Structures are given as structure tokens and as C-alpha cells.
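Structure first, commentary second.
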Amino acid sequence: MKRVIFGSSWLPYAFLAPQILIVIIFFYLPAAEAVRASFYLENPFGGGSTFVGIDNYKDVLTDDNYVRVAKFTFWFSLLVTFFSLAIALLLAVKADTVLRGAKSYRILLMWVYAIAPPVAGLIGVLMFDQHVGPITDVAALFGYKMQIGVNYNDTAAAMIIISIWKQVPVNFIFFLSGLQSIPKAVREAAQIDCRSSWRRFWTVTFPMLAPTGFFLLIINITYALFDTFAVIDVVMKNEPGSNPMTLVYKVYLDGFRGSDLGGSSAQSVILMALVLLLTIFQFRMIERRVHYT
Amino acid sequence: MASVTIDHVTKEYSTSGRPAVSDVSLAIAEGEFIVLVGPSGCGKSTLLRMVAGLEKITDGEVRIGDRRVNEVDPADRDIAMVFQNYALYPHMTVRKNMGYGLKNRRLPKAEIEKRVAEAASILQLDEYLDRRPRELSGGQRQRVAMGRAIVREPACFLFDEPLSNLDAKLRVEMRGEIKQLQRRLGTTSIYVTHDQLEAMTLADRLVVLNKGEVEQIGAPLDVYRSPASTFVASFIGSPAMSLLNAASDGSALRIGDVVVASGAGLAAGPVTLGVRAEDFILAPTSGGFAMQVSYVEELGAGRLVHGAVQGQMLTLSISADHPMTDELIIAIDPARLHLFDASSGKRITPRRETAEA
Ligand SMILES: Nc1ncnc2c1ncn2[C@@H]1O[C@H](COP(=O)(O)OP(=O)(O)O)[C@@H](O)[C@H]1O
Ligand SMILES: [Mg+2]
């Protein structure tokens, strides 16, 4: 990295100030507030709060409902991460064989995928619509009446499928550029060394994609845990009832709908710890990771 | 080991443009070291890659041994290729890089280990077997790429400018090693380079390519001594052969109004005269002409003098002891001049009844 020497000592801080301010206002302050609130019992009707120590944490961790949501979150994240990566990889490999050399076509395709995710989310939700959704119609053809937002399993399936559907384009772009950055000569050397293209994929292409894959793994776990909030919210249609939900959604539900600020804060602190662990894991792996040159 | 036959092979990337390789035929004997040489873009790599199976053959046939391989998968052609940027597998150790092709061919583990160990000791890579490519220098990577080819014990080695990413000193060193290795293994080899010196030193036979067509095939010295065209004359040899516009009147060969050689046996008319730098005679007893010196390159062992005769540039090499003046009187060794058709550039072999006095 290039070092720039500044003549005055305050100038670098001046340049950094906006960024630091944003991080403080939107991240550190709320985080600190959450940690503080997690040790208090807030009076929902105003009028102060009482210090209760780790009672909020105890309540959360012994709550059957919380454990149930945690379990769902685990399976939800596992399935969403696995399938959105697997499907994207499959599509990227297919696209890559077509796109070798055809640069303009590649850029065109990437553009489409870059715009896709928000639109894809919307389309995904529409697909499961009770009245006009084609997936609901297909299920009806087989004599199954899908009841999104009412039936637990139907709702869970819809949440998982829409979340996968929405994330595939993002993964696709990364995988495709990862594939395209594998030097042509290395592929050709492998072509001479190994007849079977299936074997070639698993012994050369896939390992060379590992850095991209690992990066995407972390991104996808984070996505499944946190960024699927909107999908879950839409599918649930404001009727939490006995519907499946993820931990993040429960934080929102308990805090803003249930007005249990203490419990909700404790839950978000637990999630923060999870993110911290994930980040530490990621940095450890990056340190050990092979840097291909 | 096997012979390789390239039979009227053509490659067209698009049906509209000029073919990248046009009707090339070449019979390579068992154990022969063939070098494809020519300027960048002349189709050397394309030709090599068609032998490897990495590029489809538009027209013609490639045979390895007696087997037509046009439709054969690259992995089944029994060839090994060394690429310009080594193309090593970055996630595999040196050992795995070398053994990968053998493993896929289901050779017994012991045999793979034996071959890798042998190749490593030939290439002085023993200490590096458990390193990854990124932990090696350019020269070492180059050796690993060679090792990967050697362990396969293929019918034919294919090299695509394997030394062009190395620095000058290492390049000369590796050049020697490749030559010795090929002698020792006796494997048929096709080697692509744009460096004429590399081509001259390595080849049993040179194939000079120009715009996808063969200009000349021959042993390095034969090509050097009797280039088939002005293209070959100016491409092979350093410094490049001086090419001068001359005219014959049937008895004398003139540059401008200076007689430079006998024109006996030549049809009257314009002709291109080619002379190698070492084939000029300095201060001849008779028949000399004047050359204006424009600049001198000192090479230590000798010097290269660049100058002009009648406004046409030429280069000669002289001993470093020779006193330098602004004007040199020179003549051309009549046995060693080359004549080319002024319009087609093809070599003319004049009937030389009398040597110049
Ligand atoms: N994949 C390709 N598509 C279209 N044209 C190509 C391709 N590869 C090479 N060419 C063209 O074919 C000609 C010969 O290329 P190449 O064999 O790589 O030359 P060299 O190796 O002698 O430098 C060049 O004009 C090049 O532009
Ligand atoms: Mg080339």
C-alpha cells in the first residue's frame, strides 16, 4: 500500500471525520445503547427502567419460543446459504463456458444480474401470491392448497425459496468473475492433463475458486441471518402468529411490537456476538488462505 | 516418442479474414527438435495448439505416429505442453503439479512417485517438491512446468515460448538445459519462439513462418547461409542482413552508379542484394567502393559499423583493432552475396561462371 505523508497532523483526521461520524452515530452509539438496555427492564409506558443484571439473557435463553426460532434460523441459514451458492455456481459454470472470449456479452449479462436482486425479491414474493402466484397455482394443480402466512411449512418453504432466489444473482456475479479470472493456460494445461471435465472441475477449477467461495460463504451466512428481514416481513404479512421467523425478525418483533426493549436488546447483543465470532473466523481463514499469484 | 506429421493444415478463426495458419505441411521425424519461428502474430502458437488439440483444425490433418489426431481429445494425444506463463496449478505443491497428469491416467502411486523423483532430480527441484508455485522463482516455476511435461513421458513435447518470461541471463541458461534435456530424452519436440537466436541455437530444423505461411524449412545454418526470401534474410541472424536495392545490366551489379559486384548470369533489371555483416571485405586490393559511416556499435569482441552506400543503409562487422574513419572502402565477398527477386523477395540463385576478380 502507498503511504502518503501529510504536512499537517489534523488534515488526515479531517478527511476521516465524516466516515468516523457515521460509524459512531449509526453503529457504536446504538450498539452501546443495546448493551446497556439489555441489563435493564424498561417500563413500556415510560417512566424509567430498573437494573436487572443478566435476567434478560436468562429469560431469552430459557424461552422455548426463542430456542424454536433459533433452530429455525439455523436451518434457514444453512439451506439458504447452501442452495444460493450451489445454484449460482452451477449457473456461473454454464455461463462461463458460453462466455469465454465473448466479452461484450459478458458485460451485458453481468449488468442484468447486478440490477436483479431487489427486483428478484419482489418477483419471488409475487410468485407465491395467494391469488396470482404461479407457484401457488402449480401446487393447486397437484391438489395442494398452499397457505402462505397460515401454514407453518408452506410459509417456511416460501421464505427459504424467495431468499435463495434473491441471493443467487449476487453469488452468480462473483462466481462468474472468479471463473473468468482463472488463466486460460491453466485450464488448457488441465485439459491436457485430465480427460474428464467433471474431474477437472473438482480438482482444478473448484479449488481455484476457493477464495471466492469462502468470501461468498461468509457473505451468504450474513445475508441469511440479517438481510432476509424484508423477505420474511413480506411473506409473513404482519401476522407473526405461529409463523416461522429468524432471530433478527424476533428482535424487531419483541422490541417494537412487544415493547420488551430489555429482552430485545439482549437478543441483539447475542446476535452481535455471533457476528463477532463469524468475523474472527473469517479473518483467521483469510490469514491462512492461499493467495494465488 | 513418435513422428509428427502436419499435412496441409489451415486454421481460419473467421471465414472472412486471412487464415491464421495457411496450408502448412511439415514432417517431423522421431526425436527431432523443430523450432517454429517468426514475428508475433504469424501463427506459431495457433499451429502448435492445433497439434495439442487446444484449437480445432479447419482443414488438413495432424498425425502423431500413424494416428490421425484431428478429433482426438488433448488428453489422449500423448503430448505434453509447456506454456509461456508456466500454467502451474497454484493450489497444488510442486509434487502434485507434476503428478497430476499421471494420477488422472491412473498410474500406480509408486510409479508416479518414482517418475516425479526422477524429474525433480534432473531439474534440481528436489528441495522444492512440497512448495507451492507462488513460493518459487520464475526460473524454478519454469523447471516445474518442464518437469510436468517430462514425467508424462509423452510422444511429443510442445513448447510455446517457454523462456520469454525469464530475464536474459536465465533465458540463456535454460535454453542450454532444454537442449541437453531433449538430447538426453530423445523426445520429439516442437518449440515456438519469436527469438531468432533461441531458434538458431535449439533447432535441429527451423520452420520460419510469416503471416501464417511457411517461408522456409531447414537446418539453422542452411537457413542462415541461404535464406529463401528477404523476409527470412532479415529475420534470421543478428545483426540483420543488409538488403540493398541494386540493378543488374547483365555484366555488373550496381547500387546507384557504383559497381558492387559482377552481374554475370543475371537478367538485366532491378534486384535485391543481401549481404551479411561479416561478409564484407575491408580495404580490398581492387573493386572497392566507399561507405559513409554513420555510427558504430562497440561489442567488445568486434564492432558493428552502420553506414550508407549511395544513401542505402548497411551494416558490417569489423575487428575492434581496425582504425575507424568517416569513410571505409569496402567490397563484397562475391561467393557470399545473396540475390533476391526485387518484387517477390524470393531468392535467386545466379549462375556464377566467373568469380569477381
Ligand atoms: N482465438 C482467436 N480468435 C481469433 N483470432 C485469433 C485467435 N487466436 C489467434 N488469433 C489470430 O491468429 C493470428 C496468429 O496468432 P498466434 O498463433 O497467436 O500468433 P503467434 O503465436 O505467432 O504470435 C493472429 O493474427 C491472431 O490475431
Ligand atoms: Mg504466440
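The values are calculated or read from the model by the stated rules, or taken from the named source; none is laboratory data. Bear in mind the structure is a predicted one, so any value in this text is a computation, not a measurement. Ideal geometry is used to build each Cβ from the backbone, glycine not excepted, and the neighbour counts take in all protein chains shown.
Residue under question is B:Leu206, and the condition is that it be touching a residue at least 60 places away in the same chain (Cβ under 8 Å), within 16 Å of ligand 1 (Cβ to nearest atom) and more than 24 Å from B:Asp59 (Cβ to Cβ); does it hold?
Taking the combined requirement at face value, the residue satisfies it.
Tally up the residues in the range B:192-206 that are under 14 Å from B:Ala29 (Cα atoms), surrounded by 22 or more Cβ atoms within 10 Å (Cβ to Cβ) and in contact with a Gly (Cβ under 9 Å, 6 or more places away or on another chain), please. Lay out the reasoning, then the answer.
Kept after step one, since they are under 14 Å from B:Ala29 (Cα atoms), are these residues of the range B:192-206: B:203-206.
Add one more test, that the residue is surrounded by 22 or more Cβ atoms within 10 Å (Cβ to Cβ), and what stays is B:203, B:206.
Still in the running and in contact with a Gly (Cβ under 9 Å, 6 or more places away or on another chain): B:206.
So the count comes out to 1.
Which residue out of B:Val94, B:Val151, B:Val172 is over 25 Å from B:Glu30 (Cβ atoms) and at pLDDT 95 or above? Before you say what the answer is, go through the steps one by one.
Details: B:Val151 fails: over 25 Å from B:Glu30 (Cβ atoms); B:Val172 fails: at pLDDT 95 or above.
None of the others qualify; the one that does is B:Val94.
In the range A:145-199, which residue that is in a loop (DSSP other than H, G, I, E, B) and either β-branched (Val, Ile, Thr) or at positive phi (or both) is farthest from the other protein chains (Cβ to nearest Cβ)?
Going residue by residue through the range A:145-199, those that are in a loop (DSSP other than H, G, I, E, B) are A:145-151, A:181-183, A:194-196.
Next, only the ones that are either β-branched (Val, Ile, Thr) or at positive phi (or both) stay: A:148-150, A:182.
Values: A:Ile148: 44, A:Gly149: 47, A:Val150: 49, A:Ile182: 9 Å.
If we take residues in the range A:145-199 being in a loop (DSSP other than H, G, I, E, B) and either β-branched (Val, Ile, Thr) or at positive phi (or both), then A:Val150 is farthest from the other protein chains (Cβ to nearest Cβ).
Of the residues that make up the range B:82-93, is at least one in contact with a His (Cβ under 9 Å, 6 or more places away or on another chain), among the hydroxyl-bearing types (Ser, Thr, Tyr) and within 16 Å of ligand 2 (Cβ to nearest atom)?
no
From the residues in the range B:25-50 that are within 14 Å of chain A (Cβ to nearest Cβ) and out of contact with any Lys or Arg (no Cβ under 8 Å at 6 or more places or on another chain), which one is nearest to ligand 1 (Cβ to nearest atom)? Talk me through it step by step, then tell me what you get.
Just the residues of the range B:25-50 that are within 14 Å of chain A (Cβ to nearest Cβ), to begin with: B:45-46, B:48-50.
If we keep only those that are out of contact with any Lys or Arg (no Cβ under 8 Å at 6 or more places or on another chain) too, we end up with B:45, B:48-49.
Values: B:Ser45: 3, B:Leu48: 8, B:Arg49: 7 Å.
Looking at the filtered set, the residue picked out is B:Ser45.
Just to check your reading of the model, which residue among B:Leu221, B:Leu209 is surrounded by fewer than 16 Cβ atoms within 10 Å (Cβ to Cβ) and assigned by TED's automatic domain parsing to the domain that holds B:Lys179? Please lay out each step first, then the result.
On the way: B:Leu209 fails: surrounded by fewer than 16 Cβ atoms within 10 Å (Cβ to Cβ).
Exactly one residue qualifies, and that residue is B:Leu221.
Hey, does the range B:302-318 have a residue that's in contact (Cβ under 8 Å) with a residue 60 or more places away in the chain, surrounded by 13 or more Cβ atoms within 10 Å (Cβ to Cβ), at positive phi and not in a strand (DSSP E or B)?
At the first step, the residues of the range B:302-318 found to be in contact (Cβ under 8 Å) with a residue 60 or more places away in the chain are B:304, B:309, B:312-317.
After this cut, where a residue has to be surrounded by 13 or more Cβ atoms within 10 Å (Cβ to Cβ) as well, the list is B:304, B:309, B:312, B:314-317.
From what is left, the residues that are at positive phi are none.
Within the range B:302-318, none of the residues are in contact (Cβ under 8 Å) with a residue 60 or more places away in the chain, surrounded by 13 or more Cβ atoms within 10 Å (Cβ to Cβ), at positive phi and not in a strand (DSSP E or B).
Before we move on, is A:Gly149 over 30 Å from A:Ile182 (Cβ atoms) and at pLDDT below 80? I'd like the intermediate steps shown before the answer.
Numbers: over 30 Å from A:Ile182 (Cβ atoms): yes; at pLDDT below 80: yes.
In short, yes.
Whether any residue in the range B:57-75 is within 16 Å of ligand 2 (Cβ to nearest atom) and within 13 Å of another protein chain (Cβ to nearest Cβ) is what I want to check. Don't jump to the end; show me each part of the working.
As a first pass, look at the range B:57-75 and keep what is within 16 Å of ligand 2 (Cβ to nearest atom): none.
Scanning the range B:57-75, I find no residue that is within 16 Å of ligand 2 (Cβ to nearest atom) and within 13 Å of another protein chain (Cβ to nearest Cβ), so the answer is no.
Only one of these is more than 14 Å from every other protein chain (Cβ to nearest Cβ), assigned to a helix (DSSP H, G or I) and buried (at least 22 other Cβ atoms within 10 Å of the Cβ): A:Gly255, A:Gly262. Name it. Spell out the reasoning first.
Working: A:Gly255 fails: buried (at least 22 other Cβ atoms within 10 Å of the Cβ).
Just one listed residue meets the conditions, A:Gly262.
So which residues in the range B:9-56 are in a strand (DSSP E or B) and within 16 Å of ligand 2 (Cβ to nearest atom), if there are any at all? If you could, list the steps in order and put the result at the bottom.
Initially, the range B:9-56 is screened for residues in a strand (DSSP E or B), giving B:9-11, B:21-28, B:33-37.
Within the range B:9-56, B:Lys11, B:Val21, B:Val24, B:Ile34, B:Val35, B:Leu36, B:Val37 meet the criteria.
Could you list all residues from the range B:6-43 that are surrounded by fewer than 19 Cβ atoms within 10 Å (Cβ to Cβ) and without any contact (Cβ under 8 Å) to a residue 60 or more places away in the chain?
Within the range B:6-43, B:Asp7, B:His8, B:Thr10, B:Glu12, B:Tyr13, B:Ser14, B:Thr15, B:Ser16, B:Gly17, B:Ala27, B:Gly41 qualify.
Restricting the range B:76-97 to residues that are surrounded by fewer than 19 Cβ atoms within 10 Å (Cβ to Cβ) and more than 9 Å from chain A (Cβ to nearest Cβ), which is farthest from B:Leu123 (Cα to Cα)?
For the range B:76-97, the residue satisfying everything is B:Asp78.
Could you tell me which residue of the range B:284-301 is surrounded by the fewest Cβ atoms within 10 Å (Cβ to Cβ), considering only residues that are in a loop (DSSP other than H, G, I, E, B) and not hydroxyl-bearing (Ser, Thr, Tyr)?
Going through the qualifying residues, I end up with B:Gly300.
All but one of (1) among the hydroxyl-bearing types (Ser, Thr, Tyr); (2) more than 16 Å from ligand 2 (Cβ to nearest atom); (3) surrounded by fewer than 17 Cβ atoms within 10 Å (Cβ to Cβ) hold for B:Ser189, so report the exception by its number.
All conditions pass for B:Ser189, except number (3).
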